[in-house]
1. Taking only the range A:314-354 into account, find how many residues are of a type in the set (Asp, Glu) and within 27 Å of the chain's Cα centre (by Cα).
2. Got at least one residue in the range B:63-80 being within 28 Å of B:GLU163 (Cβ to Cβ), part of a loop (DSSP other than H, G, I, E, B) and modelled with pLDDT under 95?
3. Any residue at all in the range A:58-77 that's more than 18 Å from B:THR162 (Cβ to Cβ), surrounded by fewer than 19 Cβ atoms within 10 Å (Cβ to Cβ) and within 16 Å of ligand 1 (Cβ to nearest atom)?
4. Can you tell me which condition A:ALA85 does not meet? The list is (1) within 16 Å of ligand 1 (Cβ to nearest atom); (2) away from chain B (no Cβ under 14 Å), and all the others hold.
5. Within the range A:181-203, track down each residue that is within 16 Å of ligand 2 (Cβ to nearest atom) and of a type in the set (A, V, I, L, M).
6. Filter the strands (runs of 3 or more DSSP E) completely within the range A:156-218 down to those with at least 2 residues that are within 19 Å of A:VAL80 (Cβ to Cβ) and aliphatic (A, V, I, L, M).
7. Could you check the range B:98-196 for helices (runs of 4 or more DSSP H) lying wholly inside it with 3 or more residues that are away from chain A (no Cβ under 14 Å)?
8. Which condition number in (1) among the hydroxyl-bearing types (Ser, Thr, Tyr); (2) loosely packed, with under 13 Cβ neighbours inside 10 Å; (3) under 22 Å from A:ALA231 (Cα atoms) is the one that A:SER331 fails?
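The values are calculated or read from the model by the stated rules, or taken from the named source; none is laboratory data. Small disclaimer: the values here were computed from a predicted structure and weren't measured. Reconstructed Cβ throughout: ideal geometry from the backbone, glycine too, with neighbour counts over all protein chains shown.
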Amino acid sequence: MGFIELHEITKSFANNTVVKNLSLSVEEGKFLSFLGGSGCGKTTTLRMIAGFETPTSGRILIEGKDVSRVPPARRNLGMVFQNYALFPNMTVRKNIAFGLKIAKVPAQEMHARVDEMLALIHMENYGDRYPHQLSGGQQQRVALARAIAVRPKALLLDEPLSALDAKIRVQLRDDIRNIQQELGITTIYVTHDQEEAMSISDQIAVMRNGGIEQVGTPFDIYNTPATSYVASFIGTLNLLEGYVVDAALGKVDLNGTTVRTVSDLRGFEGKKIRLTVRPEALSVARQDDAGSASDVNNITGTAERVKFLGSTVRFVMKFGETYMFMDRFNSSQLVLPKKGDSIRVSFAIDACRLLPEGDAIAMPGSGVSDEMIQ
Amino acid sequence: MKNGGATRKAMSWFWLIIGLLYFFIPLLSTFLFSLKGKKGVLSFVAYQHVFADPKFLQSFLFSLQMSVYTIIVGLVLIVPTAILINLKIPKAKPVIELFSLMPFVIPPVVLAFGLIKFYANPPLALVSSPALLVAGYVVISFPYIYRSVDTGLTSMDLKVLTEAAQSLGAGWLSILFKVILPNLRTALLSATFLTFATVIGELTLAVLLAWPAFGPYMAHVGRDLAYEPAALAILSFMMTWGSISLIQFLSRGIPGAKSEIGGLH
Ligand SMILES: Nc1ncnc2c1ncn2[C@@H]1O[C@H](COP(=O)(O)OP(=O)(O)OP(=O)(O)O)[C@@H](O)[C@H]1O
Ligand SMILES: [Mg+2]
């Protein structure tokens, strides 16, 4: 049984149902992220767990107890908000002590706990400052300390880093993860940033249209996406259109080249399908593989341009009318193609997966669209 | 280019000085006039007369008392209402805002007659009670109090702060007294002083409900005497400016506080 459990939660605002029949279980001490596009219901779900919204139907259990109708003040959950929400009239110390005072923790213990929290967020010397005298990153640290000072059962964070600049964001997310690990506190984290979710979570729940598409470890979500939405939402995906020529052998005709897939193509005989391959699954074909090894597909594209992404370099190619990406590690030995060069690339047959026609694709950061070529 | 800049600068100074003159000349002449109580010399004799009249202090103290009641009743009624509206029914805000303009639209005479008619007969015979006067003052000060408080609430991110406090276990009383009110200090101060200024000088309600208030006293002095009203005008001007300076002084050092008077920045 999970530490936090949602049972068929539905939430409607007037006639608008924004969370539909959502069920989820979070184990004690785990870090779970809600990941999804804007408006998919992440915040609403988190707010229902926190108690700021009441589910239209369904139950929320914390440690096995139904808290669906318990007010937020009595749920004992720490909450961190996007815009910090520190009390502007109180110093850092007083902000952190707020919950302890409410809980009537004896003064001595309270001061000790505040010191401990200040040390945890590396802000020992900032206790007497007011929130407006701190940077955004420091304010969010204080908000985190304030939330965990009362030793809540779980920690809820709603896009806590989205108001910060890129560098602080990366640094603070590691801090959040470290603190979470140190305290072993069950954490639910809302973000629309897949890289953020991947880097700090034990589990990711990919959300779409008020429901959960898939729950799994970052590794599973990325490598074995359960739905085409998840496959296209996470990371970058090449989409290749073709016709099934031999369903039994998994053979597909892509623009005149036959490739093989291990996906089950029964029922698609002669039909148009889309195959997906991650850019990092592509490599430059070796010269001597003209005979084509049995577990590798080869296709030939035309180089368009090269994009530097830091540790990797992305080759943008045209294959028929479709754009295709191939990622390679950056190195000074790398030979860069010129526009119009033909490139022969290969990928393992089990790296390409079937995407059924008509199945939804996440638009942001998915597939290859014209503007991504720019 | 340099010349253009200099001309522009000169022009701004010119207009600033015109503005200051427009503001200060009447004030200065009133002040000088108030000093002419004794023939041929400048003296504070008019001020002495003002202070010597026992009715001055009596009516002032009466109005002061009424303004304190008005401020208490007004704040107790309006602050929780404004908080509730901002938190729970923000859709009702335009309605309340419109409602808060009513005292400007309905003349005090109408309000006074309405109150007299409605509260003249048992079981609501309140015409002779100061409670009715205070009630009328609360209506008149409603726009100032509501707008100050509303501006204060809007500028502090009420909803998120409330939720943050709730998630830390705070109940409504703690939230009100430890989170909302301390951050509303400037707004409450400006509401207080605006109400004070309104009540101290109010004439119509006090006259029609027949109370010996400061407003009627000033009007009475103005009708019968020459130099003393000028002295009174200068005194009340100084009180107003004293109040404003006090707001500035008291709200100094409040983190993030701007001076807001009547909902204006
Ligand atoms: N109080 C409310 N009243 C009416 N509709 C609401 C309310 N809160 C949220 N919604 C609607 O519910 C939907 C989901 O909102 P929610 O804030 O949960 O999305 P989200 O996944 O957190 O998105 P984002 O990434 O943009 O924060 C949106 O369409 C939103 O307009
Ligand atoms: Mg959100």
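1. 2
2. no
3. For the range A:58-77, residues more than 18 Å from B:THR162 (Cβ to Cβ), surrounded by fewer than 19 Cβ atoms within 10 Å (Cβ to Cβ) and within 16 Å of ligand 1 (Cβ to nearest atom): present.
4. Unmet for A:ALA85, out of (1) within 16 Å of ligand 1 (Cβ to nearest atom); (2) away from chain B (no Cβ under 14 Å): (2).
5. Of all residues in the range A:181-203, those within 16 Å of ligand 2 (Cβ to nearest atom) come to A:188-194, A:196-197.
Residues satisfying the conditions are A:ILE188, A:VAL190, A:ALA197.
6. Numbers: elements: A:186-191, A:203-208, A:211-216.
Filter on the range A:156-218 gives A:186-191, A:203-208.
7. Hits in the range B:98-196: B:102-105, B:108-118, B:130-154.
8. Of (1) among the hydroxyl-bearing types (Ser, Thr, Tyr); (2) loosely packed, with under 13 Cβ neighbours inside 10 Å; (3) under 22 Å from A:ALA231 (Cα atoms), only one is false for A:SER331: (3).
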